[in-house]
């Protein structure tokens, strides 16, 4: 099997695939134009979120048999079309779950204690102890999770350990030790914090919009470390400006190549990061291990 690495991948995973007899080429900064030129040379691709595998590319990939997405989501791949052409699409759903869950919890703490804002104040040479001594604890507060898959379940467990009541909404019923399943309306009305953990699909597009935000508590905090497009960022900006939303933390955005959260740069109550949820050495290592396992499994069939 001849495989092309299109995005940065753990070196040990690349070596493991080569030792298994897979011919691996690494072009982890390849442009879309260059990928179109060379795609016919490969049986398999490894991508992360940067590289898009859309219908036109798949249509000309006459030898392609496998696409591995190193990560959780598959929204950068036209999965149905790929499978209709006999291309198997796999991902590594569990590898980065803990890293994203920990970032979510970190954001909850940062929001209630204004850690980024107080750090910026200290860097300006200020000592505003009184102004920044109005935070609150997470213990005793209610966290509402929209979506409860691998990441949401880990967030629920960690939040419960911090003394939070955890509610969750999902379309199918399930039982979780650390959380209670409720309707979306009840979750919105009761939660002090709302955190999104759903994929971006037509059904979840703007699952939190202006109407949903209006049904939340005054002074609610919103976190999105899931997928851009599930949260209406224009509506969020307006709600933060009005004071209805006390603060927000966003690691993902609807338009990461364009807007990239710039509309929030005038709102110190909003913390932003450039989609770093899976950006830990541990997660990268686990992603690489799973990528290699999948590639070797398929190559040995």
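The values are calculated or read from the model by the stated rules, or taken from the named source; none is laboratory data. Bear in mind that the values here come from a model prediction, so they are computed numbers and not experimental data. Every residue, glycine among them, receives a Cβ derived from its backbone with ideal geometry; neighbour counts consider all protein chains shown.
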- Query: What residue, of 188, 184, 162, is touching a helix residue (DSSP H, G or I) at 6+ places or on another chain (Cβ under 9 Å) and more than 22 Å from residue 269 (Cβ to Cβ)?
  - Reply: 184
- Message: The conditions are (1) closer than 29 Å to residue 170 by Cα; (2) assigned to a loop (DSSP other than H, G, I, E, B); (3) within 25 Å of the chain's Cα centre (by Cα), and residue 136 fails exactly one of them. Which is it?
- Response: (3)
- Does the stretch 22-46 hold any residues that are closer than 15 Å to residue 6 by Cα and in contact with a strand residue (DSSP E or B) (Cβ under 6 Å, 6 or more places away or on another chain), and which are they? 23, 24, 25, 26, 28, 42, 43, 44, 45, 46
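Give the residue, chosen from 92, 62, 9, that is in contact (Cβ under 8 Å) with a residue 12 or more places away in the chain and within 19 Å of residue 227 (Cα to Cα).
Working: 62 fails: within 19 Å of residue 227 (Cα to Cα); 9 fails: within 19 Å of residue 227 (Cα to Cα).
Among 92, 62, 9, only 92 is in contact (Cβ under 8 Å) with a residue 12 or more places away in the chain and within 19 Å of residue 227 (Cα to Cα).
State whether one or more residues within the stretch 139-155 are assigned by TED's automatic domain parsing to the domain that holds residue 203, without any contact (Cβ under 8 Å) to a residue 40 or more places away in the chain and in a helix (DSSP H, G or I).
Yes, there is a match, as at least one residue in the stretch 139-155 is assigned by TED's automatic domain parsing to the domain that holds residue 203, without any contact (Cβ under 8 Å) to a residue 40 or more places away in the chain and in a helix (DSSP H, G or I).
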- Task: Using the structure shown, decide if residue 257 is more than 25 Å from residue 78 (Cβ to Cβ) and not in a helix (DSSP H, G or I).
- Result: no
- Go through the stretch 11-128 and tell me which helices (runs of 4 or more DSSP H), entirely inside it, have 1 or more residues that are farther than 30 Å from residue 161 by Cα, out of contact with any helix residue (DSSP H, G or I) (no Cβ under 7 Å at 6 or more places or on another chain) and assigned by TED's automatic domain parsing to the domain that holds residue 251. 115-123
- Can you confirm whether the stretch 145-161 contains a residue that is more than 19 Å from residue 231 (Cβ to Cβ), modelled with pLDDT of 95 or more and over 24 Å from the mean Cα position of the chain (by Cα)? no
- Within the stretch 202-221, can one find any residue that is assigned to a loop (DSSP other than H, G, I, E, B), surrounded by fewer than 23 Cβ atoms within 10 Å (Cβ to Cβ) and free of Cβ contacts under 8 Å to residues at least 24 places away in the same chain? yes
- Query: Among the numbered criteria (1) more than 20 Å from the chain's Cα centre (by Cα); (2) surrounded by fewer than 20 Cβ atoms within 10 Å (Cβ to Cβ); (3) under 23 Å from residue 116 (Cα atoms); (4) at pLDDT 95 or above, which single criterion is violated by residue 234?
  - Reply: (1)
- Which one of the conditions (1) farther than 22 Å from residue 109 by Cβ; (2) buried (at least 16 other Cβ atoms within 10 Å of the Cβ); (3) in contact with a helix residue (DSSP H, G or I) (Cβ under 7 Å, 6 or more places away or on another chain) does residue 179 fail to meet, given that it meets all the rest? (1)
- Message: Among the residues that make up the stretch 255-273, is at least one of them surrounded by 16 or more Cβ atoms within 10 Å (Cβ to Cβ) and within 30 Å of residue 87 (Cβ to Cβ)?
- Response: no
